[in-house]
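Report on the following structure.
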Amino acid sequence: MSNATQLIHSIPVDPQTGSIAVPIYQTSTFVQDAPGVNKGYDYARSNNPTRATLEQIVAQLEQGHTGVAFGSGLAAIDAVIKLLKAGDEILAVDDIYGGAFRLFTHIYEKFGISVRYVDTTKAENVFDAITPQTKLIWLETPTNPTLKISDIAAIAAIAKASGCILCVDNTFASPALQLPLTLGADIVVHSATKYLGGHSDLIAGLVVTREKELGDKIKFIQNASGAILAPFDSWLVIRGIETLHLRVRQHSANALEIARYLEQHPQVDKVFYPGLASHPNHDIAKKQSKAFGGVISFTLKNNTEEAAIAFVTHTKFFKLAESLGGVKSLLCHPANMTHKSIPADKRRAAGVADSLIRLSVGLEETDDLINDLDQAFTSITQKLAVKEYADS
Ligand SMILES: *Cc1c(COP(=O)(O)O)cnc(C)c1O
């Protein structure tokens with residue numbers, strides 16, 4: 001695991017001016033000395049020095065060979081799928097990010113790329129599901145919003161034996177906690193919108209490959225399809241990465257304390273947090289990651305949308321919004337927000353109950369966050385009591 005000193009000093013000082021901050025090269029093109037004779041840059045879609053710096057930093061951070069920066073997490077995922085061709089099949093984690101599901105199903109199926117979903121928390125399910133057409137295994141660990149954990153090293157061994165590429169969406173853990181490439185994955189993708197950016201102020205995506213060969217292919221796709229990250233946004237991600245270790249350590253410490261508080265709360269039914277010993281995948285989470293991140297989900301004993309909505313509209317510090325990984329705490333109600341497009345029975349079967357609430361625990365003082373949740377629990381009781389009285 002790269003440490004904070006290594007990370008901070010992997011961000012170069014500008015050799016030309018000594019600028020300690022990475023310069024933003026806000027340009028579209030680069031003047032050439034003669035046709036094809038240039039300083040390593042010709043056109044800013046193909047390459048830009050600010051973006052290239054981010055790409056080098058993130059490759060080091062994930063301990064891979066090549067980093068490639070895109071305009072969003074989904075653009076990064078899209079670039080990986082473009083490695084495939086008609087007739088190929090993807091085997092994906094069943095609790096997949098909704099945007100990836102939409103991309104696979106509504107864009108790529110019509111180009112002849114099929115997807116099957118399996119419960120990857122049991123590596124043998126992956127082994128059993130592989131066919132000669134399977135070319136890509138797609139994991140997210142932890143998943144969203146039920147925080148399921150898959151064994152990256154075990155699935156990497158299966159992928160290797162069957163000649164499949166293993167790609168891990170490492171958005172929820174971040175490279176401060178988990179390094180899939182060191183466990184045998186071939187590709188890591190990120191929504192850098194989340195922990196890498198870290199300040200809820202940009203949309204960005206990253207791909208990192210373990211080997212040069214796949215890296216060259218992704219770079220070719222980046223240039224050919226054009227979904228690059230802009231220089232200013234590249235700079236913002238670099239700035240976010242400078243404090244990644246510090247932030248993720250505190251997000252994780254706050255979240256563990258809040259998960260323990262929720263677990264003993266009389267109004268809470270289930271808590272989903274891989275750092276709790278009660279989590280079904282706690283052992284593998286402990287083995288493959290340094291800590292457990294800042295996302296927690298929980299359900300209410302009063303398992304109704306009404307109770308969840310009363311809760312999410314009564315917090316002061318936890319702001320009601322989609323997304324995660326920023327300094328400010330957020331919360332959302334997946335049944336009505338991120339997972340609204342999934343039919344209710346399918347959503348419930350996937351573990352997303354009507355009352356499920358997802359927290360992105362920020363960097364505020366832990367006690368303030370717990371007090372905030374406490375008063376939201378009180379407000380559900382009051383609100384539902386008033387309603388019961390009115391209904392009676
Ligand atoms: C947000 C997210 C994405 C998509 O990233 P964007 O930057 O919003 O395009 C992909 N995977 C996971 C796990 C995410 O949380």
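Just to be sure, is ILE77 at pLDDT 95 or above, within 11 Å of the ligand (Cβ to nearest atom) and open to solvent by less than 50 Å² (accessible area, probe 1.4 Å)?
yes
Would you mind stating whether ASP367 is surrounded by 14 or more Cβ atoms within 10 Å (Cβ to Cβ), part of a helix (DSSP H, G or I) and not polar (S, T, N, Q)?
Considered against the rule, which asks whether it is surrounded by 14 or more Cβ atoms within 10 Å (Cβ to Cβ), part of a helix (DSSP H, G or I) and not polar (S, T, N, Q), ASP367 comes out as no.
Go through (1) under 22 Å from GLU211 (Cα atoms); (2) surrounded by 13 or more Cβ atoms within 10 Å (Cβ to Cβ); (3) modelled with pLDDT under 95; (4) of a type outside the set (Lys, Arg) for ASN47 and report which single condition fails.
If we test ASN47 against (1) under 22 Å from GLU211 (Cα atoms); (2) surrounded by 13 or more Cβ atoms within 10 Å (Cβ to Cβ); (3) modelled with pLDDT under 95; (4) of a type outside the set (Lys, Arg), just (3) comes out false.
Restricting to segment 311-340, count the residues that are within 15 Å of the ligand (Cβ to nearest atom) and open to solvent by 10 Å² or more (accessible area, probe 1.4 Å).
7
Among the strands (runs of 3 or more DSSP E) confined wholly to segment 183-274, which include 3 or more residues that are aliphatic (A, V, I, L, M)?
Per the criteria, 187-191, 205-209.
What number of residues in segment 191-207 are open to solvent by less than 10 Å² (accessible area, probe 1.4 Å) and near the ligand (Cβ under 6 Å from one of its atoms)?
Count: 1.
Residues in segment 146-164 that are touching a residue at least 60 places away in the same chain (Cβ under 8 Å) and open to solvent by 40 Å² or more (accessible area, probe 1.4 Å): how many?
Residues flagged as touching a residue at least 60 places away in the same chain (Cβ under 8 Å) and open to solvent by 40 Å² or more (accessible area, probe 1.4 Å) within segment 146-164 amount to 3.
Could you list, in sequence order, the residues of segment 171-190 that are among the β-branched types (Val, Ile, Thr) and within 16 Å of the ligand (Cβ to nearest atom)?
Across segment 171-190, the qualifying residues are THR171, ILE187, VAL188, VAL189.
Out of PRO49, PRO35, which single residue is free of Cβ contacts under 8 Å to residues at least 24 places away in the same chain and in the same structural domain as VAL189 (by TED's automatic domain parsing)?
PRO35
Take segment 109-145 and flag every residue that is open to solvent by 80 Å² or more (accessible area, probe 1.4 Å) and farther than 22 Å from LYS85 by Cβ.
Those that are open to solvent by 80 Å² or more (accessible area, probe 1.4 Å) and farther than 22 Å from LYS85 by Cβ: LYS122, GLU124, PHE127, ASP128.
Quick one: which of ASP216, ASP169 is of a type in the set (Asp, Glu) and buried (at least 24 other Cβ atoms within 10 Å of the Cβ)?
Exactly one residue qualifies, and that residue is ASP169.
For ALA153, all conditions in the list (1) touching a helix residue (DSSP H, G or I) at 6+ places or on another chain (Cβ under 6 Å); (2) among the small types (Gly, Ala, Ser); (3) closer than 28 Å to CYS332 by Cβ hold save one; what is the number of the exception?
All conditions are met except number (3).
The values are calculated or read from the model by the stated rules, or taken from the named source; none is laboratory data. Nothing here was measured: the structure is a model prediction, and the numbers come from that model. Backbone-built Cβ (ideal geometry, glycine too); neighbour counts: all protein chains shown. Each accessible area value is taken on the protein alone, full model and side chains, heavy atoms only, with ligands, DNA and RNA left out. Shrake-Rupley method; radii C 1.70, N 1.55, O 1.52, S 1.80 Å.
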